[in-house]
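Reading through the structure tokens given below for one structure.
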Amino acid sequence: MDNFKKKWQDFHDGNLSKKEAVEFLHFLESDLGRANFQKLLELTWRDQDEKKSTIDNPTASPYSSKLNSKATQKKKHDFFNKFSILKISNFKIFIKYAACLFALILVLKHLDILPGITGQISKESAEPVWISKSNPKGVKSKILLPDSSWVYLNAGSQIQYPENFIENRYVYLKGEAFFEVFEDKEHPFIVEAFHVKTQVLGTSFNINSLDQESVEIGLATGSLRIMDSSSGKELLLAPGEGSKIIPSNDDIEKYKIDPEVISVWKEGILHFENENFERAIKKLENWYGVQITVKGKIPKGTCNGTFQKNTYLSNVLKVLGHALDFKSEIDKNQVIINTKSE
């Protein structure tokens, strides 16, 4: 809040550069900006009301002779105090008028009265507006949510969250994402992936629901509460713990994980750890945005290995092919894998 007050003061005094001023105006239109602005107004109004009460109701007690004798000495000091109070009061009055103007602009935009502005919520509709962010296969992204939380969204994945996210921190996830959640104890952060809900306050964790047969969750920092709506069971995770929830299984599995490994994908690192062939193929299709056709029987072995950022698909297939005994051909976005027939 102190940082926002300083920014507002600098903006009012003209101490921001053109770029900083534009960025600050954009921030004011965000949910977080409006929330901070509202808090500043509440503090300003309360302080000014207290000051007004002090000025309008001076003490009724008569000054003693000692106080009268010191009045002349304090005269100059009191003058500067009054001048300082007047200056602060004028600034607070300015904030009030600015708040009214700012609120009016938001209302006009909301009612679709200002030209060039399209209202997203009709006055009659009570339905929340959902914002959607998605990546096609082969593309990853980093998303800043309105509450200052970060989402690293994997390829072939999608998130949806409400427009009033500051008050309702709820995210629907399809696919895989790594979350760095801004702590707000009054507004828990909930991620729903299929039948699984994960609730946090401030933490970092990974959720993988690319495989619709299960949801995998790994915790790097903080704490997590997992709720499985299909079984009604809950589970608490500590840092370095993971869980795999399968709809057909009533039990929620918990195991140890490496916190650094669960998020390497967001740095562009492709990692396989004891993954069966079919799962590895799905990961490659999603990672590189290709379609893979397998000719022959599915290898029974598992895939292991770590491939650094920007490793060519052909090199990955050579390494995996050597381990599982298959050959591959690449034609643009089409890949054919030939396994040995038994």
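No lab work stands behind these numbers, since they all come straight from the coordinates. Here the structure is a predicted model, which is why all the values come from computation and not from measurement. So basically every Cβ, Gly included, is an ideal-geometry build from the backbone, and we count neighbours across all protein chains shown.
Quick look at the values:
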| quantity | calculated |
| --- | --- |
| Net charge, Gln160 excluded, C-beta distance under 9 Å - Lys, Arg +1, Asp, Glu -1 | +2 |
| Charge tally in the Cβ shell below 13 Å around Val215, where Lys, Arg are +1 and Asp, Glu are -1, Val215 excluded | -4 |
| Nearest-20 debye value, the stretch 261-342 charge dipole, Cβ charges on Lys, Arg, Asp, Glu | 60 debye |
| In Hz, Karplus ³J(HN,Hα) per residue of the stretch 151-158 (6.51, -1.76, 1.60; θ = phi - 60°; x = Gly, Pro) | 10, 9, 9, 6, 4, x, 10, 8 |
| For the stretch 294-336, alpha-carbon Rg relative to the globular expectation (2.2 N^0.38 Å, N residues) | 1.19 |
| Over 27 Å between alpha carbons, listed pairs Lys7/Lys140; Lys300/Lys327; Lys174/Lys256; Lys133/Lys244; Lys197/Lys256; Lys282/Lys327 | Lys7/Lys140 |
| Around Asp250: net Lys/Arg minus Asp/Glu count, Cβ-Cβ under 12 Å | -2 |
| Packing-based ranking, highest mean first, of 320-333, 260-273 given that Cβ atoms within 10 Å are counted | 260-273, 320-333 |
| Inter-site label distance for Glu167 and Gln212 at 7 Å from Cα along Cβ, in nm | 3.5 nm |
